[in-house]
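Peer 1: The structure that follows is given in the form of structure tokens.
What follows is calculated from the coordinates using simple rules that are stated; it is not laboratory data. Given the structure is predicted, the values throughout are model-derived calculations rather than measurements. We place every Cβ from the backbone using ideal geometry, glycine too, and count neighbours over all the protein chains shown.
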Amino acid sequence: MKFKEIIGQEEIKQRLIRTIKDNRVSHAQLFSGPEGSGKLALAIAYAQYINCRNKLNNDSCGVCPSCIKYEKLIHPDLHFIYPVATTKEITKKPLSKNFIKNWRNILIKNEYYLNLNEWYEEIGIEKKQAIINTDDCSEIIRTLNYKTYEAEYKVMIIWMVEKLFHSAAPKILKILEEPPEKTLFILISENQDQIISTILSRTQLIKIPKIKNEDLLNKMELSGYDAKNIITQANGNYKEALRLINQTDEEKFNYNNFTKWMRLCFKNKISDIIDFISEISLLSRERHKSFFLYSLRIIRESLLINNNCNSLVKLNNEETAFIKKFYPYVNSANGIQLTEELNKALFHTERNANSKILFMDLSLKIHKLLQLK
């Protein structure tokens, strides 16, 4: 991947290039930023530029043997670690290298922009909690103790390092702090607060910001009001912009089920709520997280309307029709509490809470809150 293929992030690109030109490449770096900002793409482009044999002023050449292998993610001195779990095929002790074919395929297919949900679906673990485990940490040590095959730097990219299992972290502390010569660690994270402190303290932080709206707009090649609306809603997230453009089944699912859920909660028909929960609880944890995030967005938009901030509201036609009836029930008396309860549900979902109990408890709380005036 070349720097020029990455959406925006010009300041970060120049900063990374300067570290190479000035011979100030830190051996352990943490690229931390929101989903869809291009963290992983930047890490791969950075590694490719470091090992390019014919570096240009602001990018790798793209045609030398090293670059060709990097473009296919098959360079022998480029290594990846990412969250994994057991599957139907890998029934015990899963390692990142067991899924390397899936990893290469989905990265190239998605232009190096990838989120956790897409990765879980790719390897078939939507309902499991993936981690970076102890065996993969042992694999990091074993791999990096070998000499480089052909590149100047051996590169280890650890994607979503916040998924590193707490008991596995001590295994890599020493090599992270004192790696073999010409070894580069690049850790990728979306939630810096969830990274184990001993890992965090051993890295140089590179904060990756959201993509600027104008850069997203240029990439998507859109025009008109819909384009502006999509880019605004995407909020610097390339993956979200793609989702909004394609109007995915997930978005329709979230809208249909949110409206149904709110009506059931308002009427407090327990038998119907139980039926609804029985259906939605069968879905994956990632789908539940997406649903709660969507619910939070609709609550926010309702509060904006209630506070006469209509110019900030971003809704499609279906959502607009629903929210005209819904927004009076989301007000200063319950808006903060509704937001807090949905955020709690999101928090507990990430930690594998029982979905049926979670949805039932939340439904009863929402019923009470919707009655507040």
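Peer 1: What is the calculated FRET efficiency for E152 to E10, with r their C-beta to C-beta distance and R₀ = 22 Å, to the nearest 0.05?
Peer 2: 0.30
Peer 1: Which order results if F347, F3 are arranged by neighbouring Cβ count within 10 Å, fewest first?
Peer 2: Details: F347 11, F3 22.
In increasing order of surrounding Cβ atoms, one gets F347, F3.
Peer 1: Using only helices, what value at 222 nm comes out for the chain when you add -39,500 (n - 2.57) per DSSP H run of length 4 or more and divide by the total residues, to the nearest 500 deg cm²/dmol? Please report the intermediate quantities before stating the final value.
Peer 2: Working: 17 runs with 195 residues, N = 373.
It lands at -16000 deg cm²/dmol.
Peer 1: Follow-up question, since we're still on this one. Could I have the simple spin-label model distance between L372 and L205, label points 7 Å from Cα toward Cβ, reported in nm to one decimal?
Peer 2: 3.4
Peer 1: When we measure straight from the Cα of K212, which aspartates and glutamates land under 12 angstrom away, once same-chain ones fewer than 8 places off are left out?
Peer 2: The reachable aspartates and glutamates, counting only those whose Cα sits under 12 Å from K212, are E10, E11.
Peer 1: Right, here's the next one. For labels at D193 and K324 in the simple 7 Å Cα→Cβ model, what's the distance in nm?
Peer 2: Going by the 7 Å Cα→Cβ label model, 3.9 nm.
Peer 1: Output the peptides 305-315, 35-45 sorted from most to least packed, where packing is the average of other Cβ atoms within 10 Å over each peptide's residues.
Peer 2: 35-45, 305-315
Peer 1: Compute for the range 12-98: radius of gyration divided by Kirkwood radius, i.e. Rg/Rh, restricted to C-alpha atoms, rounded to two decimals.
Peer 2: On the way: Rg = 15.6 Å, Rh = 14.9 Å.
Across the range 12-98, the Cα-based Rg/Rh ratio is 1.05.
Peer 1: So, in Å, what gap is there between the alpha-carbon centers of the range 22-72 and the range 297-314?
Peer 2: About 41 Å separates the Cα centre of the range 22-72 from the one of the range 297-314.
Peer 1: Find the eigenvalues of the gyration tensor of the Cα atoms of the chain, then list the square roots of 5 times those eigenvalues as equivalent ellipsoid semi-axes, largest first, in whole angstrom.
Peer 2: 41, 25, 17
Peer 1: Sticking with this structure for a sec: Determine the alpha carbon to alpha carbon distance for each of K207/K239; K92/K210; K260/K314; K109/K252 and list only those over 28 Å.
Peer 2: The answer is K92/K210.
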